[in-house]
Amino acid sequence: MCGRYTLKVDTSQVAARFHVPPTDVSVETGPRYNIAPSQMNPVIIADGDNHLELMQWGLIPAWSKEAKTSYSTINARVETVATASSYRKPLRRQRCLVPATGFYEWQVIGGKSGRAARQPFYFTLAQNRGAEGSAEQIFAFAGLYDVWRGADGRELHTYTIITTGGNDLVLPVHERMPIIMPREVEQRWLDPTITEPDELLALLQPYPAALMHAYPVSATVNSPANDDQHCITPLAGLGLAVLENGFAVASVV
DNA sequence: CCAGACGTTGTT
DNA sequence: GTCTGG
DNA sequence: CCAGACGTTGTT
DNA sequence: GTCTGG
């Protein structure tokens, strides 16, 4: 799954990275180290030109009676996104890019009674190492959005992130991972003239493990109230080396 | 036909 | 245990 | 995703 | 809004 991610750059850098005219950006958000569901975050949409908009993480279908859902919509499985009631139309007509610089997954450590202990890991794109502060580290998740309209006319723009099975780097930590768009696929994903589900599904592939990087982080990230550099500070220990060799990280607790 | 769901992950 | 809030 | 709440009446 | 279950 993907239930937490980072976007540690300014809105202006996001806009530049996704070809959004600076004059089009009316919102300014600072660097984020712990983006959580329900929060308002930048997403990119296109109608000929690219636009940056703030939307709420957790898709609320246009037909929903209330401005909330009784079920989770922070992620959409690629296996069912073309048929699920909540996502079928958004897949054809309301696709977006979700700008990010990294994401978190939690590895279940124990498994005894009650809720097992969990070790968070931080995942980034490997080619971005050493690109601190530059636009080079920004990538995009494949996303869908919808617009909910209340009786009083108010609009609520919401989005979801599409997930797929974990690749070899992610699997030791978690079964699933978000779909990261290769840069050359981004604009096609946004292209409103494409509405064939099969053509769109073909764009949704697991990102190659060889192009990603991961390391364990402290429990600081667990609380969405913590939103600073400490969330992505590497946790010292055996976990990193073991993980990069592709084995489970039972040694990290 | 109408009523009711519409979702994911993880855990058992 | 389960739902809500962030 | 995890953390934190989970309830009522009446009074300040 | 649209699909599934009864």
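For the stretch A:1-43, residues that are over 18 Å from A:Phe103 (Cα atoms) and either among the aromatic types (Phe, Trp, Tyr) or within 16 Å of DNA strand D (Cβ to nearest atom) (or both) total 1.
Within the stretch A:206-216, can one find any residue that is touching a helix residue (DSSP H, G or I) at 6+ places or on another chain (Cβ under 8 Å) and within 23 Å of A:Cys96 (Cα to Cα)? Taking every residue of the stretch A:206-216 in turn, at least one turns out to be touching a helix residue (DSSP H, G or I) at 6+ places or on another chain (Cβ under 8 Å) and within 23 Å of A:Cys96 (Cα to Cα). Only residues that are within 16 Å of DNA strand E (Cβ to nearest atom) and crowded, with 17+ Cβ neighbours inside 10 Å were counted in the stretch A:83-111, giving 5. Taken across the stretch A:25-40, residues that are in contact with a His (Cβ under 8 Å, 6 or more places away or on another chain), within 16 Å of DNA strand B (Cβ to nearest atom), of a type outside the set (Lys, Arg) and closer than 26 Å to A:Pro120 by Cβ do not occur at all. Can you spot a residue in the stretch A:23-33 that is buried (at least 20 other Cβ atoms within 10 Å of the Cβ) and touching a residue at least 40 places away in the same chain (Cβ under 8 Å)? Yes, that holds for at least one residue. Looking across the stretch A:6-22, just one residue is over 12 Å from A:Ile138 (Cα atoms) and crowded, with 21+ Cβ neighbours inside 10 Å, and that is A:Val20. For the residues A:Thr193, A:Thr220, A:Thr233, the requirement of being touching a His at 6+ places or on another chain (Cβ under 6 Å), modelled with pLDDT of 95 or more and polar (S, T, N, Q) singles out A:Thr220.
The values are calculated or read from the model by the stated rules, or taken from the named source; none is laboratory data. None of these values were measured; they are calculated from a predicted model. Methodologically, a virtual Cβ is constructed for each residue, glycine included, from the backbone with ideal geometry; neighbour enumeration extends over all protein chains shown.
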